[in-house]
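J.: One structure, as structure tokens, below. Some questions next.
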Amino acid sequence: MMKPDMHLDSKKPTFFPKHQEALYKSLEDKHATVELDKSDPLATRMILNMGPQHPATHGVLRVLMELDGEIITKCRLDTGYLHRGIEKMAENKTYQEFMPYTDRMDYLSPYSNNVALCLAVERLASVDVPEKATYIRMICSELARISSHLLWLGTMIMDAGAISFFIWTFREREKIYDIFDEVAGHRFTVSHSRIGGVNNDLSPAAINKIKKFVQEFPAELASWHKLLDKNRIFIDRNEGVGSIGHEDAIDIGLAGPSLRATGIAYDVRTFDPYMFYADMDFEVPTRTEGDNLARYYCRMEEMAESVRIIEQCFDKMPEKGPIRLDNAKKSYPSKDEVYYSMEGLIHDFMMTDTGVCPPEGAEAYHAIEAPKGELGFYIQSDGTGHPWRLKIKSPSFSNLQGLETVLDGEMVADTVVIIGGLDPVMGDSDK
């Protein structure tokens, strides 16, 4: 008969030192706090839980730390508290029906998730997107990048002790929410993209709001640089904290600003350009230090580059033109056609019931540069209107893989700013 605790021994790595057995047992048994055996020569060490319900873990993330005084000697992450089976849900939804589920992944930049799904399906089904719709997607994706980085900035600096900054960054995010409300009719979970284009064109009011924002935002960004870049408290709190080298970053699989802060200038927009990014003039901010301060500089500079991209999109975007593919077998018809044409109404019902049907056996992977890194959708088709299999490469999950390495040897008091520096979103990680 199997011993009750044999499953623990079978899961414990054989190479792990004896004094860390309690780390795995507490992770398995969900103990809140465990002290090591007093007879152990390392008995001054203890094991401490942080999360999963904790305001500084940026979601339901459980960090199990072994401490030697105030130094973290080893940590383990316990994820999955927000797992909802999104990839499995996709198998029972049409491609367009699955769109709102992507809003709930990285819920700080839902527009980026929508675009990533659309591009993957369009590659799978050989769907062409009108030029104007592509520019609208790019404009809104860069606004989503700024919005996501603004929340990172406010919360990370609040974790470091500056409460006022959170209010200032959210003031700018409110402006972006107002823009999305004008563009899509929703402030938060927009679902504005459609297979083959976008739901509606930019209204004159939306264009004016976007242009006003990109005109005024650089001054706000400059004022934040002036306040933080030479602030001794902020610098000391982040410089040299949470450092990781470029080789370890590649081995672990870091993505986005967390990777570029180690000196690796990998950005999907330049390495594998999609939409019209190959025609844009912008820089990929990088740093070589690999610490929390380097991640700060990368994201701050990325917001300025996003403003440049939006301005170029407006210069290049045609004033008139279709905003969705005119093919009833691959994209929804326009509302004018649905309301005033029997054929349009039939096509609308067919798209809602069946949706676009890629060829049987087709498969495709498409990635974008989301605010947190490479976000990719891999889809396999069985010829029906819903995917046979759908897998998501989420940047938050990739970056959390590095947290165990980054936290080792750090002060326990620095845990909150390091998590904030990596900027994970658990809806994106757990899916």
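Read-outs: derived from the displayed coordinates by stated rules, not from any lab. Just so you know, these numbers come straight off a predicted model, no measurement behind them. Because the Cβ atoms are built from the backbone with ideal geometry, glycine has one as well, and the counts that use them run over all protein chains shown.
J.: Mind listing P(r) for region 354-431? All alpha-carbon pairs, 10 Å bins, whole percents.
T.: Result, from short to long distances: 17, 35, 25, 14, 8, 2 percent.
J.: Neighbouring Cβ atoms within 10 Å as the yardstick, rank Arg260, Arg324 fewest first. Please report the intermediate quantities before stating the final value.
T.: Values: Arg260 28, Arg324 23.
Going from least to most buried by this count: Arg324, Arg260.
J.: Given +1 on the Cβ of Lys and Arg, -1 on the Cβ of Asp and Glu, and no further charges, what dipole in debye does region 359-421 carry about its Cα centre, rounded to the nearest 20? Spell out each step's value before the answer.
T.: Numbers: 4 positive and 9 negative charges, 42 e Å.
It comes to approximately 200 debye.
J.: Using 0.36 nm per residue of separation minus the Cα-Cα distance, give me the extension gain between Thr270 and Tyr340 in nm, one decimal. Don't jump to the answer; show the numbers that get you there.
T.: Working: separation 70, 0.36 × 70 = 25.20 nm, distance 4.36 nm.
Contour length minus Cα-Cα distance gives 20.8 nm.
J.: Using square roots of five times the C-alpha gyration tensor eigenvalues, list the equivalent-ellipsoid semi-axes of the chain in whole Å, biggest first. Display every interim value, and only then the final one.
T.: Values: eigenvalues 340, 157, 57 Å².
One finds semi-axes of 41, 28, 17 Å for the chain.
J.: If you don't mind, another one. Could you list Asp128, Asp248 in order of exposure, starting from the residue whose Cβ has the fewest other Cβ atoms within 10 Å?
T.: Working: Asp128 12, Asp248 15.
Fewest-to-most Cβ neighbours within 10 Å comes out as Asp128, Asp248.
J.: Could you check the spin-label model distance between Asp353 and Glu283? Points 7 Å from the Cα along Cα→Cβ, value in nm.
T.: A separation of 5.6 nm, rounded to one decimal place.
J.: Between Glu319, Glu66, Glu97, find the one with the highest GNM mean-square fluctuation for the chain; connect C-alpha pairs within less than 10 Å.
T.: Glu319
J.: What value, in deg cm²/dmol to 500, does the helix sum -39500 (n - 2.57) over DSSP H runs of n ≥ 4 give at 222 nm once divided by the residues of the chain? Let's see the in-between values first.
T.: Values: 19 runs with 204 residues, N = 431.
Here the helix-only value at 222 nm equals -14000 deg cm²/dmol.
J.: Right, next: In nm, to one decimal, how far is the modelled label at Ile167 from the one at Gln380, with both set 7 Å along Cα→Cβ?
T.: Those two pseudo-labels are separated by 5.4 nm.
J.: Relative to the Cα centre, what is the charge dipole magnitude of region 94-393, using +1 at the beta carbon of each Lys and Arg, -1 at the beta carbon of each Asp and Glu, and rounding to the nearest 20 debye?
T.: 540 debye
J.: What is the projected area of the convex hull of the Cα atoms of region 86-180, averaged over all directions, in nm²?
T.: Details: hull surface 28.9 nm².
One quarter of the hull surface, i.e. the mean projection, equals 7.2 nm².
J.: Please report the orientation-averaged projected area of region 255-387, defined via the convex hull of its C-alpha atoms, in nm².
T.: Orientation-averaged projected area of the Cα hull: 10.6 nm².
J.: If each residue's Cβ is checked for other Cβ atoms within 10 Å, how do Phe98, Phe377, Phe213 rank with the fewest at the top? Intermediate values should be presented prior to the final figure.
T.: Working: Phe98 22, Phe377 27, Phe213 19.
The most exposed by this proxy come first: Phe213, Phe98, Phe377.
J.: I've got another one for you. Highest GNM mean-square fluctuation, the chain, Cα pairs closer than 10 Å: which of Ser396, Ser112, Ser126?
T.: Ser126
J.: Moving to a separate point now. Mind checking the alpha-carbon convex hull of region 116-246 and giving the volume per residue in Å³?
T.: Working: hull volume 18.6 nm³, N = 131.
With only Cα atoms used, region 116-246 gives 142 Å³ per residue.
J.: Based on the Cα gyration tensor of region 234-330, what are the three equivalent ellipsoid semi-axes, each the root of five times an eigenvalue, rounded to whole Å and given largest first?
T.: Values: eigenvalues 238, 54, 22 Å².
For region 234-330, the semi-axes come out at 34, 16, 10 Å.
J.: Subtract the Cα-Cα distance of His83 and Glu404 from 0.36 nm times their separation in residues, and report this length gain in nm to one decimal. Don't jump to the answer; show the numbers that get you there.
T.: Numbers: separation 321, 0.36 × 321 = 115.56 nm, distance 2.02 nm.
Roughly 113.5 nm would be gained on extension.
J.: Relative contact order (percent) for the chain, with alpha-carbon contacts under 8 angstrom and 6 or more residues of separation? Could you put the intermediate results ahead of the total?
T.: On the way: 791 pairs, mean separation 100.1, N = 431.
Relative contact order for the chain comes out at 23 percent.
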